[in-house]
């Protein structure tokens, strides 16, 4: 008689092997899901930064003085709309303009005294006391320097707030940032 060889795998051994495999593979799937969520959040933050840059460029270089200052002091919606959607993410933004009056802006103007070096006591044309030619600086406001345009705004601060949310989330303090800029206006505007 021939002896049979039982070299097969039993159901118990197969179930143990599947359990060990699941124990090893399931955490890997969780890790992939976690990294995918992080990548999506970073992508949304990058898009928000680019949208903020575009909006700030519009406020700094495209919009006229009158249009920019028309809603000064109050939050204005940004040009992309309230809930702008891009790549499955939602973005929202607003800006506030804080103008400075010409009487608030002052600066120091150095005062120079003309000194003829040829008439100097040394007689050789060498200046012996250079510090004596510079007087105390004079503080003046822009309204004093340019009285004909004293009522016009020459400088304004712009604060842009941008926030975003991924499809599975809500707006929160973590997913937002502020950009600050200062815009100066010249007479030709």
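Assorted remarks:
- Candidates 156, 150: the one that is in contact with a helix residue (DSSP H, G or I) (Cβ under 8 Å, 6 or more places away or on another chain), at pLDDT below 75 and surrounded by 14 or more Cβ atoms within 10 Å (Cβ to Cβ) is 150.
- Residues of the stretch 33-52 that turn out to be in contact with a strand residue (DSSP E or B) (Cβ under 7 Å, 6 or more places away or on another chain) and more than 14 Å from residue 169 (Cβ to Cβ), as a count: 3
- Some residue of the stretch 105-121 being part of a loop (DSSP other than H, G, I, E, B) and at pLDDT 75 or above: yes
- Within the stretch 143-171, the set of residues being closer than 14 Å to residue 91 by Cβ and assigned to a loop (DSSP other than H, G, I, E, B) comprises 166, 167, 169, 170, 171.
- For the stretch 54-91, taking the residues that are assigned to a helix (DSSP H, G or I) and without any contact (Cβ under 8 Å) to a residue 24 or more places away in the chain, the one that is nearest to residue 153 (Cα to Cα) is identified as 66.
- Failed item, numbered, when residue 46 is tested on (1) surrounded by fewer than 11 Cβ atoms within 10 Å (Cβ to Cβ); (2) assigned to a helix (DSSP H, G or I); (3) modelled with pLDDT of 90 or more; (4) more than 17 Å from the chain's Cα centre (by Cα): (4)
- Of all positions in the stretch 13-28, none carries a residue that is part of a helix (DSSP H, G or I), closer than 30 Å to residue 98 by Cα and either touching a strand residue (DSSP E or B) at 6+ places or on another chain (Cβ under 9 Å) or modelled with pLDDT of 85 or more (or both).
- Residue match in the stretch 29-40 (condition: within 21 Å of the chain's Cα centre (by Cα), over 19 Å from residue 178 (Cβ atoms) and surrounded by 11 or more Cβ atoms within 10 Å (Cβ to Cβ)): yes
The values are calculated or read from the model by the stated rules, or taken from the named source; none is laboratory data. Everything numeric here is computed off the predicted structure, so don't read it as measured data. Reconstructed Cβ throughout: ideal geometry from the backbone, glycine too, with neighbour counts over all protein chains shown.
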